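Worksheet: the structure to be examined is printed underneath.
Bear in mind that the values in this text are calculations on the coordinates, not laboratory data. A quick note: this is a predicted structure, and the numbers were derived from the prediction, not measured. Cβ: placed from backbone, ideal geometry, glycine included. Neighbour counts: every protein chain shown.
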């Protein structure tokens, strides 16, 4: 489980445990709205927030797997040509199945 999915799971658990949390957040927001606006209008805070979002959502830890695998077709087909020659290109349409 990745870090982001862990946060999502924690949020879901928190919301189910505290169903009235939105009302509490709204009360806190309305109480501190002027103070938050005065602090968040500074360009330094906006730049720090953008940097925080960039760091939070940047793919820093690549998920790679090492191992052997084989790539096999789902269905094999035999193609017969009408005339002698060499096949240079195959045009294939994807079927909806």
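When the chain is treated as a GNM with alpha-carbon contacts under 10 Å, the residue of 65, 37, 82 showing the greatest mean-square fluctuation is 82. Rank 84, 47, 58 by mean-square fluctuation in a GNM of the chain with C-alpha springs under 10 angstrom and give only the top-ranked residue. Comparing 84, 47, 58 in a Gaussian network model of the chain, the most mobile one is 84. Counting every other Cβ atom within 10 Å of each residue's Cβ, 7, 61 order from fewest to most as 61, 7. Going by the alpha-carbon gyration tensor, a ≥ b ≥ c the square roots of its eigenvalues, is the chain rounded (a/c under 1.5) or, if a/c is not under 1.5, prolate (a/b greater than b/c) versus oblate? Prolate. Ranked by how many other Cβ atoms sit within 10 Å of their own Cβ, fewest first, the residues 32, 76 fall in the order 76, 32. For the residues 55, 44, 74, a GNM of the chain with alpha-carbon springs under 10 Å puts the largest fluctuation on 74. Cα gyration tensor of the stretch 21-61, axes a ≥ b ≥ c as square roots of the eigenvalues: rounded (a/c below 1.5), prolate (a/b > b/c) or oblate? Taking the square roots of the gyration eigenvalues as a ≥ b ≥ c, the stretch 21-61 is oblate. Using the rule -39500 (n - 2.57) for each DSSP H run of four or more residues, divided by the residues of the chain, the 222 nm mean residue ellipticity is -17000 deg cm²/dmol.
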